[in-house]
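The values are calculated or read from the model by the stated rules, or taken from the named source; none is laboratory data. Owing to the predicted nature of the structure, the values given are computational and were not obtained by experimental measurement. Please note: Cβ atoms are built from the backbone with ideal geometry, for glycine as well, and neighbour counts cover all protein chains shown. Ligands, DNA and RNA are stripped out before the accessible areas are found, and what is left, the full protein with its side chains, is counted by its heavy atoms. Shrake-Rupley method; radii C 1.70, N 1.55, O 1.52, S 1.80 Å.
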Amino acid sequence: MKTFKMGGVHPEENKISTQAAIEVMPLPKQVAVLMNQHLGAPATPIVAKGDKVKVGQLIAEAQTFMCANIHSPVSGTVNKIDVCKDFVGLPKTAIYIDVEGDEWMEIIDRTPDLKRECNLEPKEIVAKLKEMGIVGLGGATFPAHIKYSIPEGKKAEYLIINAAECEPYLTSDYRVMLEHPEEVCVGASILRKALGVPNAYIGIETNKPDAIKLMTETAKKYEGIVIEPLKVKYPQGAEKQLINAITGRKVPSGKLPIDVGCVVSNLGTAFAVYEAIQKNKPLIENILTVTGKKLPSQHNYQCRIGITYNDIIKHALGELPETTGKVISGGTMMGKAISNLDAPTTKGASSVLVMDEAEARRNPETNCIRCGKCMHACPMGLEPYLFSALVKNNRVEEAKEHNILDCIECGCCYFSCPANKPLTDEIRLGKNKVRAWLAAQKH
C-alpha cells in the first residue's frame, strides 16, 4: 500500500458525517463577500452601493499576479463595501449584498446534464480558470491559473488529485466522490489536458473503500485517470507527502512540487474546475461538513460563499450545544478556532466542527523529556523540539538555518508530544519571526 516514507501519525478519524448526503443550504438575507479569499493580494471591487447583481456576476477583479477574481454568490443589491472581521477577527474589505430572489447569469448552465468533452486548448483552459476565480480548495487557496501556468524551464510530468481527506472529521470530499464521480473525472481530465501530462492520479485513503470502488469504475470511462489507493496515515493529503507516496519523488527543501515535475490539486478543486469549464459556473459555493461528537445531527452542505458561520449553525443545529468549548474551521489537526461566528465563509472553508468543553480542552503542558517523538512523527524530517527552544530564545537565524520554513504545520509534533507542548503554535510563531527577519535583511 502506497504512503509517504517519513513520519506521520494516526489520530482518531471521527468520520461521523460520512452518511450525510450533500444538502443545499438555504439562502440568507445578506452575504458578505470578502476580497481576500485566496493566497495573495485582495481583489478590487468593481461594483458600488446600490448596484444590482446576479449570481455568478463578476464583482471584484484580480489586479495583481497573485490574486483571483470574485463573483457574486447571490442575486440582489449591493448594500455597502465596508470592513468585515473574518473568522479569526481580522478586519478585511467585503462587499455586502442584500439577497433578492435567486437570479443567475444566463451563461451558467444549471442543468444536471453531464458534459464530458472539453474542446478548449490548454492556454484557454488556464485563462478560463482565471476568469472563473478558481482557487485550490485543499486549504491554501492558491489561484489555480497560476499553478497551471508552468514556468519556463519547468515541466509537469504528474498531475495528482488529492482525495485522501486525511484530516479527522472532514467528509465533504468523500461525499463529492460518491455523489459526483463523473464530474470529478471530467475535471481531472481537463486539468490533465491543461498540463499536457499522460495521467491524472487520484489518491484516496483505504478508509473510503466505497469511494475507491466507485471512482475506479467511473475512471474506466476516461483516458489517463488512475485511482491510487493509499495507506491510512496522517498527513497523507499534504502536498509533499502525497507526491512522495504516489511518485516516490521528494520535494527538496525550499523547492516547489513543479521542481520535481508534479502538480497537486484537491478533489474539490477538480469538481470546481468541471463546473467552471463545462458549465460556466464561477467558484461561488463549496461543500462544508458540519460535525461534532455531541451534535444531534451531522451534515454536509453545499453553501454559497459569504454566508456566516452563525447562519450555518442555526440552520443545522438551531443553536450551539451549551457544552460547546470550541468551534473550528477545518479539522482537529490543522483547523483554526473560529473566534467570530458572525464572519462570512470563504472559498476555502471546509467545515464547521463543534467540540465540547472536554474535547476542546488542552492537557496541561509539562517539561520536555527529550524523547524525540516529535522528531520521529515529523513528515518533513525536522526537529520540532529544537524549534521550540530557538523560538523562545529569539534565535531566529538559527531557526531559519534548521529549515523551520519547511514546516507544513500539520500538527504531528504536538499530537505525539507526551509533554503536551504547543509545538505547532510555537513553530508557526517562529516562521512568522523568520519571515519578518528575512524581510528586514532585504532593506
**Request:** Would you list, by chain and number, the lysines whose Cα falls below 20 Å from the Cα of residue 220, excluding same-chain residues fewer than 8 positions away?
**Result:** 115, 193, 208
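Residues of region 289-345: accessible area per residue at 1.4 Å, in Å²? Intermediate values should be presented prior to the final figure.
Numbers: 2310 Å² over 57 residues.
It amounts to 41 Å² per residue over region 289-345.
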**Asked** For region 390-443 and region 1-56, what is the separation of their C-alpha centers, rounded to whole Å?
**Response** 27 Å
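So how do 107, 243, 81 rank on accessible area, 1.4 Å probe, biggest first, that is with the largest at the start?
Working: 107 115, 243 0, 81 70 Å².
Reading off the accessible areas and sorting them downward yields 107, 81, 243.
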**Item:** Compactness index (Cα Rg / 2.2 N^0.38 Å), region 195-341
**Value:** 1.25
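For region 63-201, count the residues as N, evaluate 2.2 N^0.38 Å, and divide the Cα radius of gyration by that value, please. Mind dumping the intermediate values first?
Numbers: Rg = 17.7 Å, N = 139, 2.2 N^0.38 = 14.3 Å.
Taking N as the residue count of region 63-201, the ratio is 1.23.
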**Message:** For residue 166, what residues show an amide H to amide H distance below 5 Å, using hydrogens built from the backbone and excluding near sequence neighbours?
**Reply:** 237
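Give 85/123; 2/433; 147/400; 250/373; 5/442; 29/431 a once-over and call out the pairs whose C-alpha atoms are over 30 Å from each other. Mind showing how you got there, number by number?
Values: 85/123 37 Å; 2/433 36 Å; 147/400 26 Å; 250/373 22 Å; 5/442 37 Å; 29/431 40 Å.
Correct reply: 85/123; 2/433; 5/442; 29/431.
At a Förster radius of 45 Å, what calculated FRET efficiency corresponds to the Cβ-Cβ distance of residue 389 and residue 157, to the nearest 0.05? Walk me through the intermediate numbers first.
Working: r = 40 Å, r/R0 = 0.89.
Once the sixth-power term is evaluated, E becomes 0.65.
Looking only at the chain, where both bridge partners belong to it, what percent of the DSSP beta bridges are antiparallel (to the nearest 5)?
Given both bridge residues lie in the chain, the antiparallel proportion sits at roughly 60 percent.
Restricting everything to alpha-carbon atoms, can you work out Rg to Rh for region 1-75 with a Kirkwood hydrodynamic radius? Mind showing how you got there, number by number?
Working: Rg = 19.5 Å, Rh = 16.4 Å.
Computed over Cα atoms, the ratio is 1.19.
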**Request:** For region 105-163, take the alpha-carbon Rg, divide it by the Kirkwood Rh, and send me Rg/Rh.
**Result:** 1.00
**Message:** What distance in nm lies between label points placed 7 Å from Cα along the C-beta direction at residue 64 and residue 21?
**Reply:** 4.5 nm
**Fill in**
For the chain, the helices passing both cut-offs (Cα extent along own axis of 20 Å or more, Kyte-Doolittle mean at least -1.0, full DSSP H runs) are 181-195, 423-442
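As a test of reading the structure, rank 51, 86, 342 by solvent-accessible area (1.4 Å probe, protein chains only), most first.
Values: 51 60, 86 15, 342 105 Å².
Putting 51, 86, 342 in descending order of accessible area: 342, 51, 86.
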**Request:** Using only C-alpha atoms and all pairs of different ones, pull out the Kirkwood radius for region 307-443 in Å with one decimal.
**Result:** 16.8 Å
**Item:** Sparsely packed GluC sites (Glu not before Pro) within region 78-123, loop by DSSP, other Cβ within 10 Å at most 14
**Value:** 100, 106, 117
